[in-house]
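First comes the structure, then the notes that go with it.
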Amino acid sequence: AEGLAFGSDAGRARAATLTAAAANAARAASIELAAAVGAFPVHAASGGPTRRNAEVFGGLNDPEIALRLGGVSLGAAPWRGPASHAESADGLVVAVLDAAALEGLRTIGADADAARAHCLGRRALHDAPGINPAALLARGFTEHEFAAAHAMLGEAVSLRAAFAPAVVGAGFVRDVLGAPAEAERDAAFDTLAQAGFADDEIAAADAHVFGAGTLADAPFLSPEARAIFRGGAEIDGAARWAMIAAVEAFACAPAPAEVTLNADSSPAEAVDAQAKAAASGVRALRPRRRPRPAGFALTLPDLQDAAPPRAIEPAPRVIERIVEVDRPRRKLPDRRKGYIQKAAVGGHKVYLHTGEYDDGELGEIFIDMHKEGAAFRSLMNNFAVAISIGLQYGVPLDEFVDAFVFTRFEPAGAVSGNDSIGSATSILDYVFRELGVSYLARGDLANIGGDALNAEGLGDGHAAGRRPEAEPLPMARFISRGFARGATPDNLVFLSAPARPLPGAARDVCPACGDVALVRKGESLICETCGARRLPGREGRSS
């Protein structure tokens with residue numbers, strides 16, 4: 001953060017100064033504790049400075065404390081490098097530059113944006129060397145494949161993953177680039193190499209997009225500045241040991257320094273490495289050998305005298321074959337029934353025509369607008385054709401109703417001419433409210449009041465007392481005489497529901513009003529709806 005290199009004399013001097021200040025603070029705290037609760041026995045017997053602790057300061061590498069401090073080293077080890085991670089407010093983990101790296105760049109006057117782009121990458125291919133839109137276009141890639149791969153750059157870790165066959169399309173990789181059919185299942189397949197890009201071009205573009213992860217090779221920094229941002233494996237053992245010796249000159253408890261040896265190092269090489277570390281001033285050494293590569297040696301038995309293997313009966317396999325059969329289109333009858341509903345939504349007339357199958361299921365709709373523009377009328381007509389085709393191929397009507405009710409666009413407002421819908425937020429909202437009420441018994445979509453329109457377009461349904469009591473209606477109101485070719489009798493009436501249902505009471509049809517409300521009271525039959533009285537055995541007479 002102060003712009004000093006780990007391996008420089010100034011960096012070691014600064015680290016030693018900070019260690020001395022921390023050690024002095026630790027000694028002062030130990031003396032203060034000794035005055036309060038007693039000194040350490042050795043110090044009390046010697047008559048020297050009375051401290052509470054035998055050792056007051058040392059480079060203890062505690063993982064939990066290091067994690068609480070942001071992953072920094074508590075001893076003399078170098079930092080891990082400029083690349084770090086941060087968590088946003090919504091829980092997304094993103095790659096960022098380390099806070100110490102940003103402070104160091106500010107100290108030496110370097111460009112932080114250029115450093116961020118070099119270390120973390122630009123996540124774009126437009127200015128990438130070797131592999132860019134022009135180069136990809138020349139190799140057979142189209143805008144479709146480039147857009148699919150470019151969208152993956154934000155979450156991929158390499159260009160090979162961003163241009164995988166599953167991203168750009170297995171058909172493109174096979175048909176255009178000439179890859180084998182098994183390339184789609186090969187995790188190591190490189191689409192860019194198959195397209196003819198060289199390894200150095202892929203590496204340069206990969207570093208441009210995803211970053212180098214370090215600033216030690218940044219071209220915009222001077223050699224002295226690059227040395228400042230070396231970290232981790234970029235620092236050799238001599239610089240590490242020199243830093244340990246400078247820091248531990250003021251520490252009471254030495255921190256063991258690890259001496260890493262190869263798996264096949266000889267004892268002489270181990271002694272030589274420890275001697276070099278001790279010559280640098282390191283007081284405590286901990287040799288550590290790298291793990292030996294795994295190797296197996298199998299001793300196979302002589303098979304000449306071995307008994308022949310016993311044949312294993314194959315387990316029966318249960319094979320299940322799933323055959324998907326496309327649902328055919330269900331044609332409507334040539335002579336079909338339905339109804340026409342005329343209404344006005346926000347002052348704009350709309351005619352809804354329906355066509356039904358023989359069983360009464362809805363099979364088609366037509367939407368006609370009055371005095372609207374040609375483009376809008378044509379759009380509504382073709383939309384109705386699309387809905388009709390979906391219904392004939394088996395799409396449930398309730399899926400369309402749930403998808404299009406409460407859509408909001410002009411014209412909208414109060415609905416006139418419909419006894420169930422009082423307001424709608426759009427033409428589509430009105431049409432599918434009407435279909436839901438008429439064919440799905442969705443009473444929750446009805447809003448018969450003229451003032452039922454609110455911010456959500458929701459109605460309050462059929463509330464009790466909102467509609468007048470239904471009068472007996474002839475069935476010719478609901479059955480088309482032309483569709484039935486005159487076969488419908490004229491003496492059928494529509495029976496309304498009982499006005500006051502009483503559980504357990506048997507009722508007959510009243511000949512006067514047609515309501516199912518004729519109950520026995522004493523020796524007479526009285527209609528609870530109109531009050532007509534009829535004596536048993538004297539049909540046709542009432543008073």
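Observations on the structure shown:
- Principal axes of the range 123-175: Cα extent on each, largest first, Å: 28, 24, 15
- Gyration tensor over alpha-carbon atoms, the range 1-42, equivalent ellipsoid semi-axes in Å: 34, 9, 5
- Proximal lysines relative to Lys342, as straight alpha-carbon distance under 21 Å, when same-chain residues fewer than 8 apart are discounted: Lys371
- The range 152-219, Cα convex hull volume normalised per residue, Å³: 90 Å³
- Cβ-based net charge around Ala343, under 11 Å, with every Lys or Arg adding one and every Asp or Glu removing one: +1
- Coordinate range along principal axes, alpha carbons of the range 195-237, Å, largest first: 41, 24, 14
- For the range 10-108, a Kirkwood hydrodynamic radius built from all Cα pairs, placed in the Stokes-Einstein relation at 25 °C and 0.890 mPa s, yields a translational diffusion coefficient of 146 µm²/s.
- Taking all Cα pairs closer than 8 Å and separated by 6 or more residues, the relative contact order of the range 20-156 comes to 11 percent.
- Per-residue accessible area (protein heavy atoms, 1.4 Å probe) orders His370, His118 as His370, His118, starting from the largest.
- Within the shell of other residues whose beta carbon sits under 14 angstrom from the beta carbon of Ala20, the net charge comes to +2, with Lys and Arg scored +1 and Asp and Glu -1.
- Three-way shape label, the range 352-457, alpha-carbon gyration tensor, a/c 1.5: oblate
The values are calculated or read from the model by the stated rules, or taken from the named source; none is laboratory data. Quantities reported herein were computed from a predicted structural model and do not represent experimental measurements. For neighbour counting, all protein chains shown are included, and Cβ atoms are generated from backbone atoms with ideal geometry for every residue, glycine included. Heavy atoms of the whole protein, side chains included, go into the accessibility calculation; ligands, DNA and RNA do not. Shrake-Rupley method; radii C 1.70, N 1.55, O 1.52, S 1.80 Å.
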